[in-house]
1. Take TYR58 and decide whether it is surrounded by 12 or more Cβ atoms within 10 Å (Cβ to Cβ), of a type in the set (Phe, Trp, Tyr) and closer than 19 Å to PHE45 by Cβ.
2. Considering only helices (runs of 4 or more DSSP H) fully contained in the chain, which possess at least 1 residues that are at pLDDT below 75?
3. Starting from the range 53-76, take each residue that is in contact (Cβ under 8 Å) with a residue 24 or more places away in the chain and closer than 14 Å to ASN103 by Cβ and list its partners that are of a type in the set (Phe, Trp, Tyr) and surrounded by 15 or more Cβ atoms within 10 Å (Cβ to Cβ), counting only C-beta distances under 8 angstrom and pairs at least six apart or across chains.
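The values are calculated or read from the model by the stated rules, or taken from the named source; none is laboratory data. These numbers come from a predicted model, not from an experiment. No Cβ is skipped: glycine too gets one built from the backbone with ideal geometry, and neighbour counts run over all protein chains shown.
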Amino acid sequence: MTAQESTAKQTLTNRKVVVKVSPSPASVGLESTTAPVTASSYAGFPEFADTHGIRQLYSLSKTHLYNLLEEGKIQACVLRRKGAVRGRRLWNVASIRNYLYANMEGGEV
């Protein structure tokens, strides 16, 4: 080991790492401006699902889904490549859930 390498190694081992931590707003006497994040009651549900997924979640048939879509009661989108005739239809799960709540006896929950 050369003298230069020895000096460099000694310099690296003698350095201290200083990490600055800014104080939390509560410790300084400030209040938080945002509400705490809470889990949604629908956290386990996807935002979109294909026809098979909707069938598993809500037992709604493909025909019934397309009828509701035509009536404007639920929402969906089609993913396809530019110029393609066929694609993948995805259903908006929240719109289906809202439709079901609106049709429950006693109104919305």
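1. Against the criterion (surrounded by 12 or more Cβ atoms within 10 Å (Cβ to Cβ), of a type in the set (Phe, Trp, Tyr) and closer than 19 Å to PHE45 by Cβ), TYR58 qualifies.
2. Result: 3-14, 25-28.
3. LEU68/TYR99; LYS73/TYR99; ILE74/TRP91; ILE74/TYR99
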